[in-house]
Amino acid sequence: MASSEVEILRSVLDRWASAVDAHEPERVASSFTEDAIFQGLRPYSVGRAGVAAYYASQPLGLTAGYDIREVRRFADDLVLGYLDVRFGFTDRPALSVHLAVFVRRVDHDWLIAHYQVSKLD
């Protein structure tokens with residue numbers, strides 16, 4: 001994996017995970033583009049409002065940890081990441097999922113433009 005692409009992903013995903021851990025849905029949403037396609041474990045949404053609503057509905061104490069598995073740079077301003085994510089809970093076992101994200105440079109920042117969770121058994 002190219003280090004610059006990994007650094008890009010980590011900068012965005014660390015910000016996302018920190019906001020998830022703090023249960024700050026609006027801050028989670030600020031890691032996404034205005035028109036982001038978001039697919040968690042419920043029907044998809046488009047835009048930051050849907051992201052914020054999704055994370056506002058999550059239980060207090062939810063945590064997110066991730067491991068980057070693959071990275072591809074498709075353009076100067078577009079990076080794909082494929083990750084293993086572990087969501088921790090205070091009252092039940094952790095949930096492990098796979099996550100594909102496209103992060104896009106918007107002005108001088110990198111933001112999540114597409115977020116797709118898969119739960120494989």
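The values are calculated or read from the model by the stated rules, or taken from the named source; none is laboratory data. Being a predicted model, the structure only gives us computed values, none of them experimental. Neighbour counts are summed over all protein chains in view; Cβ atoms, including those assigned to glycine, are modelled from backbone coordinates with ideal geometry.
Hey, could you check the range 1-31 for residues that are more than 12 Å from the chain's Cα centre (by Cα) and not in a helix (DSSP H, G or I) and say which is nearest to GLU70 (Cα to Cα)?
Step by step, filter the range 1-31, then rank; the result is MET1.
Regarding ALA56, is this residue in contact with a helix residue (DSSP H, G or I) (Cβ under 7 Å, 6 or more places away or on another chain) and farther than 15 Å from LEU111 by Cα?
Values: in contact with a helix residue (DSSP H, G or I) (Cβ under 7 Å, 6 or more places away or on another chain): yes; farther than 15 Å from LEU111 by Cα: yes.
The answer is yes for ALA56.
Which ones in the range 59-95 are of a type in the set (A, V, I, L, M) and in contact (Cβ under 8 Å) with a residue 12 or more places away in the chain? Full working, then the answer.
Quick first cut of the range 59-95, residues of a type in the set (A, V, I, L, M) only: 60, 62, 64, 68, 71, 75, 78-80, 83, 85, 94-95.
Correct list: LEU60, LEU62, ALA64, ILE68, VAL71, LEU78, VAL79, LEU80, LEU83, VAL85, LEU95.
Here are the criteria: (1) at pLDDT 95 or above; (2) over 14 Å from VAL103 (Cα atoms); (3) hydrophobic (A, V, I, L, M, F, W, C). Tell me which single one LEU13 does not satisfy.
Result: LEU13 passes all but (2).
For ALA75, which of the numbered conditions (1) farther than 21 Å from HIS108 by Cβ; (2) over 12 Å from the mean Cα position of the chain (by Cα) fails to hold?
(1)
How many residues does the range 47-56 contain that are over 19 Å from VAL97 (Cβ atoms), aliphatic (A, V, I, L, M) and crowded, with 19+ Cβ neighbours inside 10 Å?
Result for the range 47-56: 1.
If you scan the range 14-46, which residues turn out to be surrounded by fewer than 16 Cβ atoms within 10 Å (Cβ to Cβ) and either under 16 Å from GLN116 (Cβ atoms) or aliphatic (A, V, I, L, M) (or both)? Quick ask: steps written out before the conclusion?
Residues of the range 14-46 surrounded by fewer than 16 Cβ atoms within 10 Å (Cβ to Cβ): 14, 18, 21-22, 24, 26, 34-35, 41-44, 46.
Scanning the range 14-46 gives ALA22, ASP35, LEU41, ARG42, PRO43, TYR44, VAL46.
Out of VAL6, VAL20, which single residue is touching a Phe, Trp or Tyr at 6+ places or on another chain (Cβ under 7 Å) and either polar (S, T, N, Q) or at negative phi (or both)?
Step by step, each of VAL6, VAL20 is checked, and only VAL20 is touching a Phe, Trp or Tyr at 6+ places or on another chain (Cβ under 7 Å) and either polar (S, T, N, Q) or at negative phi (or both).
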